[in-house]
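Below is one structure, written out as C-alpha cells; comments come after it.
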Amino acid sequence: MLEFSLSDEQRAIQQVAHEFAEKEIRPLAAEYDETEHFPEEFVEKAFRAGLTYPYVPEEYGGQGMDFLTACIVGEELAWGCCGFATILNANNLGSTPILIAGTEEQKREWFGLLTSRPTLAAMALTEPGAGSDAGSVQSTAVRDGDHYVLNGTKCFISNGGLADVTTVFASTDRSKGTRGLSCFIVPKGEGISPGKKEKKMGVRASATYEVILDNCRVPAENLLGEEGQGFKIAMQTLDKARVSVGSASVGIARAAMEAAIEYAKQRVQFGRPVAEFQAVQFMLADMAIEIEAARLMYMKAAWLETQGLPFTKEAAMCKTFCSDVAMRVTTDVVQVFGGYGYMREYPVEKYMRDAKINQIWDGTNQIQRMVIGRIITS
Amino acid sequence: MDFELSPEQKAWFKEVKEFAAKEIAPYTEEYDRESKFYWEGWKKIAALGLIGLPFPEEYGGSGASALDTAIAHDAFGAGGGDAGLALSWGASGIIGAVPIWMMGTEEQKKKYLPGICSGELISCFGLTEPDAGSDAASVQTTAVRKGDEYILNGTKMFITNGPIADLSVVIAVTDKEKGANGGISAFIVEKDFEGFAVGKHLDKMGNRTSPTSELIFSDCRVPAENLLGQEGYGFYQVAKATLEWERAIMVAPAVGGMEANIERCIQYAKERKQFGQPIARFQAVAFKLAEMKCLLDTSRLLVYRVAWMKDQGMEAMMEASVCKLWVTESAFKVACEAVQIFGGYGYTREYPVERTLRDTKLGLIGGGTSEIQRMIISRMLLGKF
C-alpha cells in the first residue's frame, strides 16, 4: 500500500520548523554568511523550540521523532539557511554513533548531557589524507591501562572543536585497515582542541574546523561498540547523514525556486514579465519537476529507515540526486535573476554557494555512485 | 585552413601566461576576499602593453591583430591571471574603448585612447539599467540637447569599473518616440562632469577584484562634442562595432582559465591518494579531465575563429554569440568539476578552484545572458518566417 500524505503530527512539526526557519533563521542568514561568525544564540533558540536531536528517543531526552519526520524538519531548516541547518545536522551526525552503537548506559550518560541544555556535537572522521577513502585514517588510539590515548588531526569537521561531545574515529590496529578503526566518545576538554577554522565558499554560518588530538586520554568505557567496529558505525551513521543531506538539499532548492518564481513574475523585460518567456518558464518547470522527484526520494529513503529495512543504496541515491538537483536549481535561479542574482544583496547567489557542499560532504557524489554501483552489480 | 599559431604567437602566449602566473595570480586570493581592485596588477598589465594591444600606434596602441589580442587575453587566464582584473581590463580596453576607436572623431580618439592604452585612464561601458538588462533597447536614461550640451538623466546598473572609471561610454535616449530606430545615442562622459556620480558599490559573488557600481546622472552636463557617433544611431553603431569584440575577446580569459583549472586538477589528481592510489587512476576522475579538455579546445577554437574573422574584415555576429555562449558555459562547467575533483579542499577558499566557480558564473549573465545568446542564434537560424 502506498501512502503519500503526512500525518497530522508530521504536518504540525513541519509547521513549527517552517516558522522557526522563517523567524529565527532567515533574518540572520545573510549577516552570518557575510561575517562567517558562529551564531551562538541560535543553538539555544533551536533547543527551546524543540528542534535539537530530533530523532533521539524521548527516553534519552531527545525529541523522539521518527527519522522521516526529522528529515522533514531538516528540509524546513535548510529552507531557512543551509549554514544554520548544518549546525543542527552536525549535532545529529556527531551523536548518531552513540545511538547506533552505544550501550544503554552510554546513551543515558551522553544524551543526558547533550539534551539537557543547548549543546553541540561533532563527528570526526575525515583527515587530510582520508576523505572519500575513510579507511585510510591515520589517527591512532592506543590502550593505556583503563584509558585510550588518541593522537591525530581531523579536518573539515562541522562544529569541530566547539562541540561538547565529539565522536572520534581512530585506528586501534593500523595493520587491519578499516577493520582496525574504532569509535570513541570524546568530551570537550584536555587533549582535544580546534585547529584552524576553514574559510569556505558556502554554509558559512556553520563553523568548520580542524580537530587536533594531542595525547587525548579517554576512559576505556568511552569506546563505542568494540575495537574494530568503528568503520561499520561510521557507515551506518553516514547512511542517515546522506538522507539528511538529501532533505537539506531539497530545502535549499525549494527556497531558491520560490525566489525565482516571485522574481520572474515581477521582472519585466521586452514588455512582459520574464516568467512568460518559455526559456524562463521551462527552467522553472524543470526546477519543480526535479524538486518533486528529489523530495520523494529522500522521503522514501527515510521511510525505509523507519521500517527497519536496509536503505544504504537508497541513501546514496537520494544524497546524489538531491544534491545534484540543488546545484542545478540554484545555478538556474541565479540565471533567472540575471545581474541581480550575481549580487550579494540578493539571497540567491548564496543558495548556489550553499548547494555545492552537498555534492561533496558525507561522501562525494562520486563515492555515492561507487556505493550504488557496487550494490547493484554485486 | 591553418590551425597552427606562428612561433611568435606561441612565444607571445607563453610570455603573457608566465607574466600572469608570476605577477598577478599570487595576489588574487587576498584581493578577492577583501573585494579590492589590484592597482599594482593594473599598472603591470598596462606596462606590458596589454591594454593597448589592438589600437593603432598613433593612439598609443600596438596595432596588434584581433587574434593576437585574443591570444593575450587567453594566455592571461591560462597563467591563472585574476578573472576580475581581466574583466576590468576588457571593460576599459574593449567595451569602453573600441566604440571610441571605431566611431570617435579624431579629437575624441586623440583625447581618450592614449590614456586608455597606457592604463592611466580607465574606461567603462554604461548600457544596463535597473529595468533594462536583457532588454537593452528599453533604456530609460535620457539625453536632451540644450545649446552646446546634452543633459543626461538616469541610472546605469552593474557597471564594471564604475567606481574607478575616469570616463564612460554611456547609452541614452535622445528621441523616445523613435526608440531603437534612431532614438538612442552614445556619449563619452568624464567622471568630473557636473551631475555625474558613482552610485553604490555592488558586492558580488565572484569577480570581486573588479569593482562594480551604479552610475547616476542627475542633470549631467555633457559637451555636445562628446556625442559618440551619429545622434540617434549611437547605440546601434556601438553594438555593431563592439559586440563581436566583447563576445570573443572578453571571454578569452575564461578559455585560459579552463586551461589553468585543468592543470590544477591534473596535478592534484596525480598527487591525491585515496584507496591506495592517485585518484587520477579512477575513471570517474580521469574521464572528467577528458571532458574538461574537450570543452577547453572547442572554446579556444571558437574564440580564435571570431578573432580571425575580425582580422579578415568579416562579420561574425552569429559566430560571436556561439562563442560567448559556449565558452562561458564551458568555463563554468570546468570550474564546477574542478571543485568536485578537489573535494573538501575545493570547497575551501584556500585553493583557487573555489574562486573560479564563483568567477565563471558571471559569464553566463554579463554581456548578454546565455538566454539572449540563444535567442540571437535561434533567430538568425530561423530568419523571417
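The values are calculated or read from the model by the stated rules, or taken from the named source; none is laboratory data. All values reported here derive from a predicted model rather than from experimental measurement. As a convention, Cβ positions derive from the backbone with ideal geometry for all residues, glycine included, and neighbour counts pool all protein chains shown. The area values use the complete protein model at the heavy-atom level, side chains included, leaving out ligands, DNA and RNA. Shrake-Rupley method; radii C 1.70, N 1.55, O 1.52, S 1.80 Å.
Structure above, values below:
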{"item": "1.4 Å probe, heavy atoms, protein only - residues of region A:330-349 losing at least 10 Å² accessible area vs chain alone", "result": "A:331, A:334, A:335, A:338, A:339, A:340, A:342, A:343, A:344, A:345, A:349"}
{"item": "Chymotrypsin sites (Phe, Trp or Tyr not before Pro) lying in DSSP loop within region A:2-41, provided at most 16 other Cβ fall within 10 Å", "result": "A:4"}
{"item": "Region A:75-213, accessible surface, carbon-and-sulfur percent (1.4 angstrom probe)", "result": "49 percent"}
{"item": "Per-residue average of Cβ from other chains inside 10 Å of A:270-276", "result": "2"}
{"item": "Helix-only CD estimate at 222 nm, as mean residue ellipticity for chain A, using -39500 (n - 2.57) per DSSP H run (n ≥ 4)", "result": "-17500 deg cm²/dmol"}
{"item": "Solvent-accessible area, 1.4 Å probe, carbon plus sulfur percent, for chain B", "result": "55 percent"}
{"item": "Karplus-derived 3J(HN,Hα), 6.51/-1.76/1.60, for each residue of region B:152-164, Hz, glycine and proline x", "result": "9, 9, x, 10, 9, 10, 6, 8, 5, 6, x, x, 10"}
{"item": "Local electrostatic count, residue A:195, Cβ distance below 11 Å [Lys/Arg +1, Asp/Glu -1]", "result": "0"}
{"item": "Amide H contacts under 5 Å for residue A:120, placed H, 5+ residues apart", "result": "A:164, A:165"}
{"item": "Evaluated over the protein assembly as shown, the Cα radius of gyration and Dmax, each in Å", "result": "28.4, 97"}
{"item": "Of A:265/A:313; A:200/A:265; A:197/B:270, those spanning more than 29 Å from alpha-carbon to alpha-carbon", "result": "A:265/A:313; A:200/A:265"}
{"item": "Two-site FRET efficiency, residue A:279 against residue A:12, from Cβ-Cβ distance with R₀ of 41 Å, rounded to 0.05", "result": "0.55"}
{"item": "For region B:217-273 versus region A:108-137, the gap between their alpha-carbon centres in whole angstrom", "result": "48 Å"}
{"item": "Rounded to 10°, Cα long-axis angle of helix B:106-118 versus longest principal axis of chain B", "result": "30 degrees"}
{"item": "Computed magnitude of the charge dipole of the protein assembly as shown (debye, nearest 20; Cβ of K, R +1, Cβ of D, E -1)", "result": "1160 debye"}
{"item": "Structure-based [θ]222 nm, chain B - -39500 (n - 2.57) summed over DSSP H runs of at least 4, per residue, nearest 500", "result": "-16000 deg cm²/dmol"}
{"item": "By average C-beta atoms within 10 angstrom, highest first, the peptides A:120-131, A:280-291", "result": "A:120-131, A:280-291"}
{"item": "Vicinal HN-Hα couplings computed from phi for region A:197-208 (Karplus, 6.51 cos²θ - 1.76 cosθ + 1.60; Hz; Gly/Pro x)", "result": "8, 7, 8, 10, 5, x, 5, 7, 6, 7, 8, 10"}
{"item": "Residue mean of other protein chain beta carbons inside 10 Å, B:360-368", "result": "3"}
{"item": "Nearest-ten-degree value, helix B:283-311 long axis tilted from longest Cα axis of chain B", "result": "30 degrees"}
{"item": "For chain A, built as a Gaussian network whose Cα springs stay under 10 Å, the top-fluctuating residue of A:104, A:198, A:227", "result": "A:104"}
{"item": "Protein accessible area in region A:244-378, 1.4 Å probe - carbon and sulfur %", "result": "60 percent"}
{"item": "For chain B, with +1 on Lys and Arg beta carbons and -1 on Asp and Glu, the positive-most of B:314, B:304, B:336 along the dipole", "result": "B:336"}
{"item": "For region A:281-365: relative contact order, % (alpha-carbon pairs under 8 angstrom, 6 or more apart)", "result": "25 percent"}
{"item": "For region A:74-199, radius of gyration divided by Kirkwood radius, i.e. Rg to Rh on alpha-carbons", "result": "0.97"}
{"item": "Label point distance in nm, residue A:3-residue A:59, each placed 7 Å from Cα along Cα→Cβ", "result": "2.4 nm"}
{"item": "Furthest towards positive pole of dipole, A:316, A:333, A:263, structure part region A:229-347, Cβ charges", "result": "A:316"}
{"item": "Two-site FRET efficiency, residue B:286 against residue B:106, from Cβ-Cβ distance with R₀ of 60 Å, rounded to 0.05", "result": "0.55"}
{"item": "Rg(Cα)/(2.2 N^0.38 Å) for region B:16-137, N = residue count", "result": "1.10"}
{"item": "Neighbour count of at most 16 Cβ within 10 Å plus DSSP loop: longest GluC sites (Glu not before Pro)-free window in chain B", "result": "B:195-314"}
{"item": "Mean-position separation - Cα centroids, region A:352-378 and region B:349-385, in angstrom", "result": "28 Å"}
{"item": "Helix axis angle, B:317-347 relative to chain B longest principal axis, alpha carbon, degrees", "result": "40 degrees"}
{"item": "Nonlocal amide H pairs with residue B:204, under 5 Å, H built at 1.01 Å", "result": "A:344"}
{"item": "Buried on assembly, region A:118-138 (at least 40 Å² less accessible surface than by itself, 1.4 Å probe)", "result": "A:128, A:133"}
{"item": "Span-like helix ranges in chain A, DSSP H, alpha carbon extent 30 angstrom or more, Kyte mean at least 0.5", "result": "A:278-306"}
{"item": "Residues of region A:1-38 with amide N under 17 Å of a point placed 7 Å along Cα→Cβ from residue A:296", "result": "A:1-6"}
{"item": "Charge dipole magnitude, Cβ of K and R +1, D and E -1 - region A:204-361, Cα centre, debye nearest 20", "result": "320 debye"}
{"item": "Cut-off under 5 Å, modelled amide H: who pairs with residue A:269 long-range", "result": "A:274"}
{"item": "Probe 1.4 Å - accessible area at residue A:37, Å² to nearest ten", "result": "110 Å²"}
{"item": "Per residue value of the accessible surface for the protein assembly as shown (all protein chains in place, 1.4 Å probe), Å²", "result": "40 Å²"}
{"item": "Interface burial for A against B (accessible surface, 1.4 Å probe, total of both chains, Å², rounded to 100)", "result": "4000 Å²"}
{"item": "Karplus-derived HN-Hα couplings along region B:165-173 (A = 6.51, B = -1.76, C = 1.60, θ = phi - 60°), whole Hz, x at Gly and Pro", "result": "6, 8, 8, 9, 8, 10, 9, 8, 7"}
{"item": "Given charges at beta-carbon only (K, R positive; D, E negative), |dipole| of chain A in Debye", "result": "920 debye"}
